[in-house]
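Undergrad: If you scroll down you'll find the structure; I have some questions about it.
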Amino acid sequence: MILVLLACAMLLPGCATTTSAPQSPYLIAPAFKDLKIVMAPPEVDLSNNVVKEVPSCDLACDYQKIIAEEAQKYFADSLGAKVVTGSQEDYDVKLVMKVNKLMYKLACRYNWPSGGYYEHLTFTGVLEAYDSSNQLLWSSNDRVFAHNPSYDFSDGPAFDHGIAMSITSRLFFETLTKDLVTSNTLAKMQKRVGLTELAKDIHDLPPVLAPKAANNYAVVIGIERYRDLNKADYAVRDAELMKRYLTELLGYPKENVIGLMNEHATRSDISKHLGSWLLNRVNSDSTVFVYYAGHGAPDPITGDAYLVPFDGDPAYPDSTAISIKKLYESLGKLPAKQVVVALDSCFSGSGGRSVIQQGVRPLVMSNINKLTVSDNMAVLAASSGNQTSTSYDKAGHGLFTYFLLKGIKDSVVDNKALDLQSLYNRLLPSVQKEALLKNVVQTPVLLVGTGSKITLR
């Protein structure tokens with residue numbers, strides 16, 4: 001009886017539907033559980049189809065239906081997301097599969113029905129991803145997928161071509177979904193979906209054509225996770241978004257913007273890029289932009305301020321951290337047209353984005369407000385020396401960085417001046433107001449050299 005059932009499953013068209021397509025080897029993690037993904041009905045261009053068959057084969061198969069069913073199963077399994085098919089307005093990502101050419105061929109290998117036969121299925125397809133406004137996020141290239149098994153059944157061909165289509169469809173989804181995930185398109189959308197309305201205000205950048213600034217260079221540092229210290233909330237998110245603003249709104253070439261995040265922002269990493277990396281590149285037409293989001297620390301004896309790298313120790317700031325005074329002096333010697341420094345950190349040791357040696361009382365009076373800068377240099381700091389730089393939890397960013405970025409975006413949209421003084425005038429009252437709502441006094445500081453007006457673009 002068992003042998004009879006096996007024969008039925010292998011040889012009879014009616015039984016062949018019990019065969020299932022293989023499971024995907026790509027179980028993608030982490031799951032995109034926050035994304036609403038809709039699978040649009042596959043677009044199958046039947047005008048290019050080629051079907052060749054022996055007379056006895058029944059090829060009455062709804063290719064579009066099979067592709068749609070396999071798509072829904074595969075994307076739900078592999079992406080960990082709820083995937084629906086059909087027309088739907090409420091979604092984050094829409095996936096569209098386009099089959100441009102389909103060929104099915106079933107023929108005798110030699111004298112049928114006494115001999116065997118071969119079966120071959122090929123289609124060329126493209127996978128595309130769109131956002132809720134129907135803007136194309138990602139597209140694969142045309143890819144050719146084939147299923148080409150051979151059988152030697154003395155009773156003639158009995159392979160179910162619907163199974164061949166299922167297997168080939170799965171091969172298509174496995175390959176291109178891996179490409180889609182590798183492109184980080186879904187990861188970016190996952191972050192986008194998790195944004196509050198306040199955060200979306202600065203993450204949604206206008207489609208402006210920023211004038212290219214080929215001679216401009218930037219070093220962007222974000223340290224949220226430290227080797228031996230507490231987290232600096234949202235610091236990496238601040239820095240990553242600052243990089244986008246520099247390249248998308250301010251015209252900095254991507255290859256001219258260095259991002260140092262978490263363990264890639266050690267003392268040696270930071271010193272190298274703020275030193276010889278910049279010195280070997282900038283010229284008299286360059287604007288240099290340095291951004292830092294992370295912990296600051298005061299020297300409890302001298303009051304000197306330091307940036308704390310990933311591997312820094314506030315108990316030994318002189319040997320493990322970056323001196324603000326020396327940083328200003330080094331940047332002031334660059335042969336640049338202008339240098340802009342933005343610091344979302346604080347140096348009081350009283351919490352927020354500030355740390356201090358264990359056992360030492362906070363609110364050390366940092367000397368940061370007494371520092372001077374070169375004529376071609378300007379510094380925007382999140383707070384004065386004895387204050388705390390706080391987070392803006394409703395937006396998921398540092399409070400200072402949020403209003404700095406908002407000021408840049410609003411100025412670009414309104415086509416207004418992007419000089420540092422105007423930007424400072426915009427962000428100052430907003431930062432002070434929001435900080436007071438948390439019972440925190442935070443007053444950003446602008447320090448400008450005696451030279452000409454400093455601008456961001």
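The values are calculated or read from the model by the stated rules, or taken from the named source; none is laboratory data. Here the structure is a predicted model, which is why all the values come from computation and not from measurement. In this analysis, Cβ positions are derived from the backbone assuming ideal geometry, glycine residues included, and neighbour counts consider all displayed protein chains.
Undergrad: Every residue in region 429-457 that is among the hydrophobic types (A, V, I, L, M, F, W, C) and crowded, with 17+ Cβ neighbours inside 10 Å, please.
TA: Step one: filter region 429-457 for residues among the hydrophobic types (A, V, I, L, M, F, W, C), giving 431, 435-437, 440-441, 445-448, 454, 456.
Once the filter is applied, which keeps residues that are among the hydrophobic types (A, V, I, L, M, F, W, C) and crowded, with 17+ Cβ neighbours inside 10 Å, region 429-457 yields V431, A435, V440, V445, L447, V448, I454, L456.
Undergrad: Here's another thing I want to ask about it. List pairs: first in region 262-287 and without any contact (Cβ under 8 Å) to a residue 24 or more places away in the chain, second of a type in the set (A, V, I, L, M), Cβ under 6 Å, 6+ apart or cross-chain?
TA: Short answer, once both residue conditions are applied: none.
Undergrad: A follow-up question, please. When you scan region 236-255, how many residues do you find that are surrounded by fewer than 20 Cβ atoms within 10 Å (Cβ to Cβ), touching a residue at least 40 places away in the same chain (Cβ under 8 Å) and in contact with a Ser or Thr (Cβ under 9 Å, 6 or more places away or on another chain)?
TA: Residues meeting the conditions: 1.
Undergrad: Still on this structure, I have one more. Would you tally the residues in region 317-337 being assigned to a loop (DSSP other than H, G, I, E, B) and over 21 Å from E263 (Cα atoms)?
TA: Looking only at region 317-337, we keep the residues that are assigned to a loop (DSSP other than H, G, I, E, B), and these are 321, 333-337.
From what's left, over 21 Å from E263 (Cα atoms): 333-337.
Going through region 317-337 one residue at a time, the tally reaches 5.
Undergrad: Here is a further query. Could you list, ordered by first residue, the pairs with Cβ atoms under 9 Å in which the first is in region 200-224 and touching a residue at least 40 places away in the same chain (Cβ under 8 Å) and surrounded by 20 or more Cβ atoms within 10 Å (Cβ to Cβ) and the second is assigned to a loop (DSSP other than H, G, I, E, B) and among the β-branched types (V, I, T), at least 6 apart or interchain?
TA: Once the first residue is touching a residue at least 40 places away in the same chain (Cβ under 8 Å) and surrounded by 20 or more Cβ atoms within 10 Å (Cβ to Cβ) and sits in region 200-224, its partners that are assigned to a loop (DSSP other than H, G, I, E, B) and among the β-branched types (V, I, T) give N216/V282; Y217/V282; I223/V308.
Undergrad: Any residue in region 272-279 that is at pLDDT 95 or above, surrounded by 22 or more Cβ atoms within 10 Å (Cβ to Cβ) and closer than 19 Å to L380 by Cα?
TA: Yes, there is a match, as at least one residue in region 272-279 is at pLDDT 95 or above, surrounded by 22 or more Cβ atoms within 10 Å (Cβ to Cβ) and closer than 19 Å to L380 by Cα.
Undergrad: Looking only at region 398-432, which residues are more than 16 Å from V340 (Cβ to Cβ), among the hydroxyl-bearing types (S, T, Y) and in contact (Cβ under 8 Å) with a residue 60 or more places away in the chain?
TA: Y402
Undergrad: Right, P314: assigned by TED's automatic domain parsing to the domain that holds A378, touching a helix residue (DSSP H, G or I) at 6+ places or on another chain (Cβ under 7 Å), outside any strand (DSSP E or B) and buried (at least 24 other Cβ atoms within 10 Å of the Cβ) or not?
TA: It is false that P314 is assigned by TED's automatic domain parsing to the domain that holds A378, touching a helix residue (DSSP H, G or I) at 6+ places or on another chain (Cβ under 7 Å), outside any strand (DSSP E or B) and buried (at least 24 other Cβ atoms within 10 Å of the Cβ).
Undergrad: Name the residue that is nearest to D304 (Cα to Cα), counting only residues in region 369-392 that are at pLDDT 90 or above and surrounded by fewer than 19 Cβ atoms within 10 Å (Cβ to Cβ).
TA: S374
Undergrad: Let me ask something else about it. Can you name every residue in region 393-406 that is surrounded by fewer than 22 Cβ atoms within 10 Å (Cβ to Cβ) and either closer than 17 Å to P206 by Cα or modelled with pLDDT of 95 or more (or both)?
TA: K406
Undergrad: Output the strands (runs of 3 or more DSSP E) that fall wholly within region 211-303 and possess 2 or more residues being more than 19 Å from R457 (Cβ to Cβ) and under 22 Å from the mean Cα position of the chain (by Cα), or say none. Working first, answer last.
TA: Details: elements: 217-222, 257-261, 287-293, 296-298.
Hits in region 211-303: 217-222, 257-261, 287-293.
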